[in-house]
Amino acid sequence: MLVAGIKSRPVYKGLTIEPHAKRHIFALEGEGATALIDQKPAFDETILSRSEILYVACGSKGKGHDTALLGLGTDVFWTAPTIATLLFRLKGLLATAHMGIRLYIAGTEGFIGQAMTVGLEHGMDYASIITEHRGSLARRVQCVHCKGITDDVTASPFTCSHCGLTLLVRDHYSRRLGAFQGVNIDAEDRGSAPDPEELFL
Amino acid sequence: MSGGTEVPVRVTKVTPVAERIKRFRFERLDGKPMPYFSGGAHIIVSMHDDGHVRRNAYSLMSPPHDCAAYEISVLHVEDSRGGSTFMHERVKEGDELKVSYPVNLFQPDWRARKHLLIAGGIGITPFIAMMEQFTREGANFELHYAVRTRDRGAYWKELAERYGSQRIKIYCDAEGITMPLGRLLDSQPLGTHLYVCGPSGMIDGVLRAGIEAGWPEQNLHSERFLSSLPGKPFTVELVRSGKTVRVGHHESMLEAIEAAGVDASFLCRGGACGQCETGVVTCDGKLLHHDVYLNDEEKAAGRKVMICVSRFEGKTLHLDL
């Protein structure tokens, strides 16, 4: 069960290297590493010398994506232990950046949404940030009732990890929060919610 | 009228500003305040020139919060089609005119961290109102203004005095001082939006330099003062109204169609907004698209034409009007 066809549902166009950029910042999570590795033929010395990778392995630990990314030979390659650490570094980087820099984000939707929010907070235009979805379809969902955010939601309905209500996951998306909307599905008749379906594996 | 509501106004002041540039102040005949506008907006001034109606678009340069009057500046164009000559030679203090409600096709992006304004010549006018608004909103801005000679450049002195030399930079061709565009583009903080207004060649150059400096197109904004170019006279058939309209050498299709009593839609009259988009029913000949609204594919397809600035050469042109 899913409420779909809503305009705010993000569209991820896929990674392409912007040839004129003075600096390329790649924020990659998990399988998002492969989006950049697939771009390898597009790299030349100039692009490599201007590129900086911020990588958090998450679910891709043990698959060796870090070695492959390091092997690309970019100017900077840095791995973060958690998404929060990666976002903190990204903030620091954008705070002193100049026009001409480009931000590329690849990974799960929850990660793209959070990294995108950092870009928007630093005055980047939504349409100028280049994104590609890779890996799990798991969603980051905000409960509209208690406002708590639950990461890695794979089923709908699911139980809010903050207030315990049964939430239907909608396609309604907030750029500001980088999260989808979850709405109580059995408000009138507690316990009448349909069985959860694994929609976002 | 399709360009929006018109307001009857009186010309309450005409001020010579610089060589070939005059400022006009308009107040409403009924004494009411003018509608609010936002920095970057323009109005269409209707001029009745011996039975011929001329309509030109001019950027509003008075402070956007001040509804007592509207002010515009008019450059007397060297090979004027008549509008700027009319404004310069015929319009006097006390005259009555009609102006349209304001329309803004050059809106600043209010999410910007900083606004970088680049003006050439008379292209300064939309920025004068914008800077008033930026100042009131506490927004960060910087103006880089290129003039041919000091006496032909309007307002540079007043602006430098009002906003200071940190924010206002003047570049004078005659003194051999050119704008360091590359350095400017490379040194802007993330989140800067650029706005350029001036001669077409300058706009093209600045936009191209922006893309080459790695700026996303979303951060580059421009406004052109296009006017319909003169050309060979031609005839156009309007299929819905069943009229045949002769377009003269100095006339635009839109002007000729209006003169024939057909109400055609428009907003900018400068090939930028897309409001006057008209379907081409049949075309045996060549459409001369002069607008910046249609993309190259649409222009090549020849199924639409912007009648405010485009022309036609050939045998027959039938429009859906």
Original post:
Given R₀ = 41 Å, FRET efficiency for residue B:315-residue B:13 by Cβ-Cβ distance, to 0.05?
Top reply: 0.25
Subject >> Estimated distance in nm for a label pair at residue A:46 and residue A:198, the labels positioned 7 Å out from Cα along Cα-to-Cβ >> reply: 4.8
Original post:
Where does chain B land at 222 nm, in deg cm²/dmol rounded to the nearest 500, when only DSSP H runs of n ≥ 4 count, each adding -39500 (n - 2.57), divided by all residues?
Top reply: -5000 deg cm²/dmol
Original post:
Counting each DSSP H run of 4 or more residues in chain A as -39500 (n - 2.57), what helix-only mean residue ellipticity at 222 nm follows after dividing by all residues, to the nearest 500 deg cm²/dmol?
Top reply: -6000 deg cm²/dmol
Original post:
Span-like helices, chain B: DSSP H, alpha-carbon axial extent 24 Å or more, mean Kyte-Doolittle -0.5 or greater, which ones?
Top reply: none
**OP:** Calculate the mean, over all residues of peptide B:104-111, of how many other protein chain Cβ atoms lie within 10 angstrom of the residue's Cβ.
**Re:** 1
Original post:
What is the projected area of the convex hull of the Cα atoms of the stretch A:102-174, averaged over all directions, in nm²?
Top reply: 5.1
Original post:
Any idea what angle helix A:83-95 forms with the longest principal axis of chain A, computed on alpha-carbon atoms, 0 to 90 degrees, nearest 10?
Top reply: 50
Original post:
Based on the Cβ-Cβ distance from residue B:157 to residue B:296, what FRET efficiency comes out when R0 is 41 Å, to the nearest 0.05?
Top reply: 0.45
Subject >> Part-to-part distance (alpha-carbon centres) for the stretch A:54-72 and the stretch A:145-201, which is given in Å >> reply: 31
**OP:** Compute the label zone of residue B:67 within the stretch B:5-28: residues whose backbone N is under 17 Å from the point 7 Å along Cα-to-Cβ.
**Re:** B:5-9, B:26-28
Subject >> Nonlocal amide H pairs with residue B:17, under 5 Å, H built at 1.01 Å >> reply: B:22, B:23
Subject >> Rounded to 5, the percent of DSSP beta bridges in the protein assembly as shown classed as antiparallel >> reply: 55
Subject >> 5 angstrom amide H check on residue B:307, placed H, neighbours 5+ away >> reply: B:278
**OP:** With a point put 7 Å past each Cα toward its Cβ, work out how far residue A:121 is from residue B:95 in nm, to one decimal.
**Re:** 5.6
Subject >> Any cysteine of chain A lacking a neighbouring Cys Cβ under 4.7 Å - listed by number >> reply: A:58
Original post:
Which whole-angstrom value gives the distance between the alpha carbon centres of the stretch B:249-321 and the stretch A:124-140?
Top reply: 41
Original post:
For the stretch B:123-228, what class follows from the C-alpha gyration tensor (a ≥ b ≥ c being the square roots of its eigenvalues): rounded when a/c is under 1.5, otherwise prolate if a/b is larger than b/c, else oblate?
Top reply: rounded
**OP:** Using only the C-alpha atoms of the protein assembly as shown, find the volume of their convex hull and express it per residue in Å³.
**Re:** 206
Original post:
So how tilted is helix A:109-121 from the main axis of chain A? Cα-based, degrees 0 to 90, rounded to 10.
Top reply: 60
Original post:
Just how far, in whole angstrom, is the stretch B:27-58 from the stretch B:175-236 if you go by their alpha carbon centroids?
Top reply: 27
Original post:
Assuming R0 = 25 Å, what is the FRET efficiency of residue A:37 and residue A:76, from their Cβ-Cβ distance, to the nearest 0.05?
Top reply: 0.90
Original post:
By count of other Cβ within 10 Å, fewest leading, how are B:131, B:34 ordered?
Top reply: B:34, B:131
Subject >> Residue-by-residue Karplus 3J(HN,Hα) for the stretch A:10-25, coefficients 6.51, -1.76, 1.60, Hz, glycine and proline x >> reply: x, 10, 9, 7, x, 6, 9, 7, 7, x, 8, 4, 7, 8, 10, 10
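Read the figures in this text as sums done on the coordinates, not as results from a lab. Everything numeric in this text was worked out from a predicted model, so none of it was measured. Don't worry about glycine lacking a Cβ; one is built from the backbone with ideal geometry, like all the others, and counts go over all protein chains shown.
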